[in-house]
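In what follows, a single structure is set out as structure tokens and then discussed.
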Amino acid sequence: MDQLNNYLYISAILFSLGTFAVMTRRNGIAVLMGVELILNAANINFVAFSRFGGMNMDGHIFSLFVIVLAAAEAAVALAIVINIYNNLHTINVDDAALLKE
Amino acid sequence: MPVAEIVFWLVAAFTIISASFVVLNNQLLYSAIALLFSLFGVAGLYIFLWADFIAGIQLIVYIGGINVLIIFGIMLTNKISSVRLSQTNVQQGVGAVIALWLMILISLVISKTPWLQIESSEPSETVSVIGTLLLSKYLLPFEAISLLLLGALIGAALLSREAT
Amino acid sequence: MFIDYSLYILFLPLLAFVIQIFFGKKLPRQGDWVSILAIVSSLVLAVIMFASMISGYDPNFKQEASFTWIDMGEFKIRLGFLVDNLTIIMLLVVTLISTCTHLFSTEYLKGDIRYSRYFAYLGLFTFSMNGIVLANNLISMYMFWELVGVSSYLLIGHWFEKKSAADASKKAFLTNRVGDIGFFIGIMLIYNAIGSFAFGDIFNGVASEMITGTTLTLAGVGLFMGAMGKSSQFPLHIWLPDAMEGPTPVSALMHAATMVAAGVYLAVRIFPILTPDALLVVAYVGGFTALFAASIAITQRDIKKVLAYSTVSQLGYMILAVGTGVYTAAFFHLLTHAMFKANLFYGSGSVIHSMHHALHEKHDHDTDPQDMMNMGGFRKKMPITHWSMFLSTLAIAGVPFFSGFLSKDAILAGTLSFAQHHPQHFLLPVFGFGAALITAFYMFRMMFLTFYGKSQMPELIDDIHESPKIMTGPLVLLGGLSFFIWYTLPYFNFMSSHGWFTDLVVPKDSSVPGNPSADYISKGAHHAHHLAMYLSIAVAFIGIFLSWTFYIKKSLSAEAWSKRLRLLYRWSQNKYYFDENYNKYLYQPTLRLAKKVAWVDWELYDKYFINGFGRLTNLASRVAGKFDYDGIDQVLVDGTAKIANFLGSLLKTVQTGKLQNYVLYVTCGLIILMIIQTF
């Protein structure tokens with residue numbers, strides 16, 4: 001628990017899991033959850049570097065901003081998902097490919 | 001091993017296992033609830049990192065706000081009794097390989113980099129420092145993000161309202 | 001205890017405001033009892049504070065409490081409250097007059113469609129005025145100052161269906177804004193030099209010469225401009241007479257204790273930082289306003305207009321006193337004036353109320369119930385109103401044994417002594433005594449026309465009745481307070497203002513280095529006291545006598561004299577054409593200028609400059625277009641497009657339109673980059 005690397009490994013695992021979800025899940029909301037995992041991984045890094053870099057509070061501020069951004073992103077993304085659902089009656093991201101044509 | 005160490009590893013394992021559940025579970029609602037536990041675990045990690053305020057914010061915003069929002073989204077869009085479809089797409093295999101590779105590479109980078117580390121003692125409180133920083137050094141980003149939140153609020157409202 | 005009590009006094013009316021504005025209509029009796037309860041509790045607390053001030057009897061009593069409002073490193077603003085003898089007296093005056101207004105209004109506005117809202121605004125008004133009184137710094141004073149402006153706007157425009165009322169409220173608000181600009185500039189000048197808004201810091205800063213010379217004069221004049229706006233001094237006096245469009249009890253509150261008093265209160269508070277030059281400006285503005293407004297009041301026919309101009313004139317007195325250095329006399333006059341002027345307004349309200357009812361009985365909706373030429377002979381019909389107004393008229397005219405005599409005498413003595421020290425400013429006492437003469441004349445004119453002689457509309461006189469008890473109550477109370485005795489306790493002297501007030505409100509030395517000391521000023525005023533007293537008694541009685549010969553004995557005919565002095569009469573009756581001139585020389589030229597600028601912008605700039613550019617561009621683009629199409633498009637662009645088309649058809653296969661494919665590619669790219677970097 002006093003090792004920077006431990007936190008970074010945990011963060012790396014979370015990040016990869018998040019990326020996997022983003023790449024493979026069909027459901028838009030599941031993709032969103034993957035994004036949340038990625039953001040959390042980044043946040044852990046911020047706070048960990050802040051803790052092991054001489055307790056520099058700038059990292060905390062950054063993670064705060066990230067949390068706020070995540071909140072905004074979740075709100076907008078869910079609004080979009082619900083909109084897609086209303087229009088296409090599905091939330092599978094594969095089907096929302098109208099831009100292809 | 002001291003108790004704190006054991007607890008730390010337990011929290012870490014809890015976080016990662018929950019996160020895997022999020023990613024691998026087929027039932028979307030279960031995923032969301034697993035995400036909740038995972039976020040809880042991350043908050044625990046923050047406490048190990050002396051970031052009590054961030055941990056609190058994590059609990060309030062992520063678990064109290066975002067996760068509830070996600071569950072709402074699931075409820076609004078998925079009929080729970082609907083036919084269970086495959087929750088993953090065709091890229092599953094390739095994606096898994098790539099994600100694994102990504103993890104291995106990042107871990108390699110982490111282990112190979114000589115991180116700069118400065119010893120420090122646990123601060124008595126973080127909230128006042130964060131508050132001062134927010135209103136002095138980071139005043140502009142603070143204001144900008146408040147505008148962004150406002151924009152997101154309006155945007156979300158605009159997007160999700162009934163088309164008239 | 002003082003700070004706590006004053007906070008209760010401050011916030012109780014605000015609480016009443018909040019309750020009234022949200023739930024007023026649903027409460028029984030439209031919730032007027034909520035407001036009355038709040039204001040009476042405030043009054044009780046103010047009386048308690050006053051009593052303990054009297055029992056303490058300490059001229060240097062002062063309590064301050066402050067808190068940090070904004071703290072951003074170097075930039076700090078502290079707000080707070082200051083309670084001293086001045087504050088306590090002022091709180092008592094404000095809450096007393098406000099209580100009377102509340103009580104009076106329950107009858108006067110009975111059945112009004114916005115009854116509860118009216119009471120809500122009264123609460124807001126009282127709250128903001130108490131805020132000004134309690135402020136220990138310029139910035140919170142400014143905030144409450146603006147709140148007073150807003151609430152006066154709301155109250156003057158209470159009957160906003162009437163266009164004149166809506167216009168009057170706008171006029172009051174905008175005219176005040178002109179003064180407030182100066183106020184704000186003054187605040188900023190001082191903050192720039194001293195770095196604090198608190199009065200104590202400012203006085204110390206001025207004393208230690210952190211701000212001197214012209215800057216200080218400008219700052220002082222700027223702050224005084226705020227006072228000019230609120231206290232309706234020349235040339236910003238135009239809003240006050242129009243403000244009579246509001247309900248009469250509001251006029252009493254606004255023109256006795258709250259709004260206009262705020263300006264004088266500010267002038268008294270900032271007196272220590274006014275330089276000799278700034279003081280001269282103040283003195284001349286005040287003196288001129290006193291005489292000027294009095295000369296307008298002579299010829300007005302509307303009973304409320306007479307009182308309005310008399311208010312302007314009396315405020316001029318107070319400002320004059322500040323300018324000549326006897327600023328405690330100004331505050332003393334503020335105190336006595338608040339009582340008798342509020343009473344006069346209530347009296348006029350009572351008269352108008354009964355006129356209104358009488359006209360209503362006769363189904364006469366064209367006669368103006370406020371016109372004195374329709375009154376006369378009301379003495380027998382409305383004895384209480386008559387006697388209480390008579391007492392207040394004696395007080396305002398400066399007759400001995402009445403409160404106005406004491407305070408006016410103190411001011412005139414100060415003015416006289418100032419002129420004795422500076423003979424070149426002999427005009428100031430001339431203004432003062434002239435205004436005193438005219439005041440006595442027109443006030444008695446008003447009394448005689450309203451209550452004496454024969455009724456001008458005999459068919460009405462049978463329907464004129466005394467107003468109900470809730471309206472005469474304040475009249476009796478305030479009429480009684482017009483006697484000298486209340487202000488000179490515990491000494492019982494009727495010839496000078498020496499009493500608890502002068503013991504407790506002692507003038508302090510000015511902070512500006514080089515200004516005469518308070519001791520010097522008060523000694524001078526003391527010397528001039530006897531001369532001033534005889535003169536002021538003389539002018540008061542001359543004024544009353546003239547009025548009597550004109551309107552009771554009628555040995556001099558008012559009509560004949562107005563014909564003889566036709567030019568002056570017209571000027572005065574038309575308020576020296578101020579509104580018209582402002583309109584002609586200020587508003588209209590501004591409008592014309594704006595129109596000219598608009599014309600230049602549209603006719604010249606837009607049509608020739610901008611459109612010319614347009615034509616030029618048009619021509620150039622034609623030439624360029626030919627070259628572009630033949631030269632570039634056909635060969636170069638189409639050639640490129642063909643290549644791009646070919647490449648695009650190759651890459652099209654990657655473009656699946658599926659988001660997650662793209663994420664996959666991005667991640668692949670990331671991995672490749674990392675591999676390159678790491679190995």
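The values are calculated or read from the model by the stated rules, or taken from the named source; none is laboratory data. Note that the coordinates shown come from a computational prediction; the quantities given were computed from them, not determined experimentally. Neighbour counts are summed over all protein chains in view; Cβ atoms, including those assigned to glycine, are modelled from backbone coordinates with ideal geometry.
Things worth noting here:
- Residue that is farthest from A:Ser50 (Cα to Cα), among those in region A:63-90 that are among the hydroxyl-bearing types (Ser, Thr, Tyr) and at the interface with chain B (Cβ under 7 Å from one of its Cβ atoms): A:Tyr85
- Meets criteria (over 19 Å from C:Met254 (Cα atoms), surrounded by 23 or more Cβ atoms within 10 Å (Cβ to Cβ) and of a type outside the set (D, E, K, R)) for C:Thr275: yes
- Complete set of residues in region C:431-481 that are at pLDDT 85 or above and polar (S, T, N, Q): C:Thr439
- Filtered residues of region C:463-495 (kept if outside any loop (DSSP other than H, G, I, E, B) and out of contact with any helix residue (DSSP H, G or I) (no Cβ under 8 Å at 6 or more places or on another chain)): C:Lys469, C:Ile485
- Whether a residue is at the interface with chain A (Cβ under 8 Å from one of its Cβ atoms), assigned to a helix (DSSP H, G or I) and surrounded by 23 or more Cβ atoms within 10 Å (Cβ to Cβ) was assessed, and B:Ser20 does not pass this test.
- Selection status of B:Val61, within 20 Å of A:Ile61 (Cα to Cα) and in contact (Cβ under 8 Å) with a residue 24 or more places away in the chain: no
- Filtered residue count, region C:317-363, keeping only those that are touching a residue at least 40 places away in the same chain (Cβ under 8 Å) and surrounded by fewer than 24 Cβ atoms within 10 Å (Cβ to Cβ): 9
- The one condition from (1) closer than 24 Å to C:Pro247 by Cβ; (2) touching a residue at least 60 places away in the same chain (Cβ under 8 Å) that C:Phe2 does not meet is (1).
- Of everything in region B:117-143 that is over 20 Å from B:Ile54 (Cα atoms) and more than 7 Å from chain A (Cβ to nearest Cβ), the residue that is modelled with the lowest pLDDT is B:Glu119.
- Residue satisfying condition, being among the β-branched types (Val, Ile, Thr), closer than 20 Å to C:Phe17 by Cα and in contact with a Gly (Cβ under 7 Å, 6 or more places away or on another chain), within set C:Ile185, C:Ile156, C:Ile132, C:Ile194: C:Ile156
- Scan region A:1-20 for residues that are among the aliphatic types (A, V, I, L, M), modelled with pLDDT under 90 and part of a helix (DSSP H, G or I) and the total you get is 1.
- Here A:Phe46 meets each of (1) more than 7 Å from every other protein chain (Cβ to nearest Cβ); (2) not in a helix (DSSP H, G or I) with one exception, condition (2).
- Flag: C:Ala435 matches the condition of being in contact (Cβ under 8 Å) with a residue 24 or more places away in the chain, over 24 Å from C:Lys523 (Cβ atoms) and not in a loop (DSSP other than H, G, I, E, B).
- First in region C:463-490 and over 14 Å from C:Gly349 (Cβ atoms), second anywhere and of a type in the set (Val, Ile, Thr), Cβ under 6 Å, 6 or more apart: none
- Reported count of residues in region C:634-660, each being closer than 15 Å to A:Val93 by Cβ and more than 9 Å from chain A (Cβ to nearest Cβ), is 0.
- One residue from C:Tyr309, C:Tyr317 being in a helix (DSSP H, G or I), within 22 Å of C:Val506 (Cα to Cα) and under 17 Å from the mean Cα position of the chain (by Cα): C:Tyr317
Yes or no, residue by residue, for (1) part of a strand (DSSP E or B); (2) hydroxyl-bearing (Ser, Thr, Tyr):
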{"residue": "C:Gln63", "(1), (2)": "yes, no"}
{"residue": "C:Phe67", "(1), (2)": "yes, no"}
{"residue": "C:Phe81", "(1), (2)": "yes, no"}
{"residue": "C:Leu92", "(1), (2)": "no, no"}
{"residue": "C:Ser105", "(1), (2)": "no, yes"}
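- Positions within region B:33-52 being surrounded by fewer than 23 Cβ atoms within 10 Å (Cβ to Cβ), in a helix (DSSP H, G or I) and facing chain A (nearest Cβ under 7 Å), in sequence order: B:Phe48
- Residue match in region C:450-457 (condition: touching a residue at least 40 places away in the same chain (Cβ under 8 Å), of a type in the set (S, T, N, Q) and crowded, with 17+ Cβ neighbours inside 10 Å): yes
- Annotation: of all residues in region C:212-251 being over 13 Å from the mean Cα position of the chain (by Cα) and closer than 10 Å to C:Gly182 by Cα, the one that is surrounded by the most Cβ atoms within 10 Å (Cβ to Cβ) is C:Ala219.
- Qualifying residue in region C:537-558 (condition: part of a helix (DSSP H, G or I) and more than 22 Å from C:Ala397 (Cβ to Cβ)): no
- Taken over region C:138-151, the criterion of being buried (at least 24 other Cβ atoms within 10 Å of the Cβ) and not aliphatic (A, V, I, L, M) is satisfied by C:Trp145, C:Ser151.
- If you go through region C:180-202 and keep only what is among the hydroxyl-bearing types (Ser, Thr, Tyr) and part of a helix (DSSP H, G or I), you end up with just C:Tyr191.
- Qualifying residue in region A:91-99 (condition: of a type outside the set (Val, Ile, Thr), over 20 Å from B:Ala34 (Cα atoms), assigned to a helix (DSSP H, G or I) and within 7 Å of another protein chain (Cβ to nearest Cβ)): yes
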